[in-house]
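The values are calculated or read from the model by the stated rules, or taken from the named source; none is laboratory data. Remember, it's a predicted structure, so these values are computed and weren't measured experimentally. Note that we place each Cβ from the backbone using ideal geometry, even for glycine, and neighbour counts take in every protein chain shown.
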Amino acid sequence: MVCEKIQDLLSPYLDGELTPEAKAEVDAHLSSCRECAELLSLLRMATDSLTAFPDVEPSPDLTAKLYAVPARKKKFRFSLDFLVKPSLQPVLTAATVLLVIFSFYMFGPYKKDIDKSVNRQIHRGYSQIERLYAKAGSVTDSLSATAENFLVSLKNINPLGKNEE
């Protein structure tokens, strides 16, 4: 674990970007760890060999040609990458569970029994709704009769006590 930490610090160590405390820690580790010291020497050799390469300046003609290349338009490509988004994982999980349940229903040995049971429950529900509807009709009939009686009795009441003759 210590070597991994030191190995992460070797590049900044070579560039002189470490704090004095971190530099002292790396120096102490390098004096005791031969593998990290070898890695540092390899990094130094790679850095030295890269600095030996000359800087290449592209010709103005090449630069002009590169700027003249038109940008490619993105072509529409059908992709199923949206299926691996984490936000769709619960939806896909639910769909998978429903498909498994549906397949057990469709291909299971008790499909006929399940169909009969569901059909029976649906018919029971319809018969209960019919009974409720019939009761509601009788209630509305009795309420309309009561409302008529109430209106007749209101007409017969003389609130001011005057005769209308």
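Looking at the range 50-79 only, could you name the residues that are at pLDDT 85 or above and either in contact with a Phe, Trp or Tyr (Cβ under 9 Å, 6 or more places away or on another chain) or closer than 30 Å to Leu14 by Cβ (or both)?
Of everything in the range 50-79, those that are at pLDDT 85 or above and either in contact with a Phe, Trp or Tyr (Cβ under 9 Å, 6 or more places away or on another chain) or closer than 30 Å to Leu14 by Cβ (or both) turn out to be Glu57, Pro58.
Kindly check whether there is at least one residue in the range 60-70 that is basic (Lys, Arg) and over 30 Å from Val2 (Cβ atoms). Full working, then the answer.
Keep residues of the range 60-70 that are basic (Lys, Arg), which gives 65.
Next, from what is left, pick out any that are over 30 Å from Val2 (Cβ atoms): 65.
Looking for residues that are basic (Lys, Arg) and over 30 Å from Val2 (Cβ atoms), one finds at least one in the range 60-70, hence yes.
So Glu38 passes all but one of these: (1) charged (D, E, K, R); (2) within 34 Å of the chain's Cα centre (by Cα); (3) surrounded by 10 or more Cβ atoms within 10 Å (Cβ to Cβ). Which condition number does it fail?
With respect to (1) charged (D, E, K, R); (2) within 34 Å of the chain's Cα centre (by Cα); (3) surrounded by 10 or more Cβ atoms within 10 Å (Cβ to Cβ), Glu38 is out only on (2).
Scanning the range 78-103 for residues that are more than 30 Å from Ile114 (Cα to Cα) and in a helix (DSSP H, G or I), which turns out nearest to the chain's Cα centre (by Cα)? Quick ask: steps written out before the conclusion?
We begin by selecting, within the range 78-103, every residue more than 30 Å from Ile114 (Cα to Cα); these are 78-89.
Within this subset, residues satisfying the condition of being in a helix (DSSP H, G or I) are 81-84, 86-89.
Details: Asp81: 14, Phe82: 11, Leu83: 10, Val84: 10, Pro86: 5, Ser87: 1, Leu88: 4, Gln89: 6 Å.
The residue in question is Ser87.
Yes or no, residue by residue, for (1) surrounded by 11 or more Cβ atoms within 10 Å (Cβ to Cβ); (2) in contact with a Leu (Cβ under 6 Å, 6 or more places away or on another chain); (3) among the β-branched types (Val, Ile, Thr):
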position: Lys5; (1), (2), (3): yes, no, no
position: Arg44; (1), (2), (3): yes, no, no
position: Thr51; (1), (2), (3): no, no, yes
position: Leu83; (1), (2), (3): no, no, no
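Quick test for you: out of Phe150, Phe107, Phe82, pick the one residue that is modelled with pLDDT of 90 or more and of a type in the set (Phe, Trp, Tyr). Spell out the reasoning first.
Numbers: Phe150 fails: modelled with pLDDT of 90 or more; Phe82 fails: modelled with pLDDT of 90 or more.
Answer to the selection: Phe107.
Mind listing whichever residues of the range 13-35 are surrounded by 12 or more Cβ atoms within 10 Å (Cβ to Cβ) and outside any helix (DSSP H, G or I)?
Residues satisfying the conditions are Leu18, Cys33.
Does any residue of the range 56-71 turn out to be outside the structural domain of Asp15 (by TED's automatic domain parsing), outside any helix (DSSP H, G or I) and among the acidic types (Asp, Glu)?
yes
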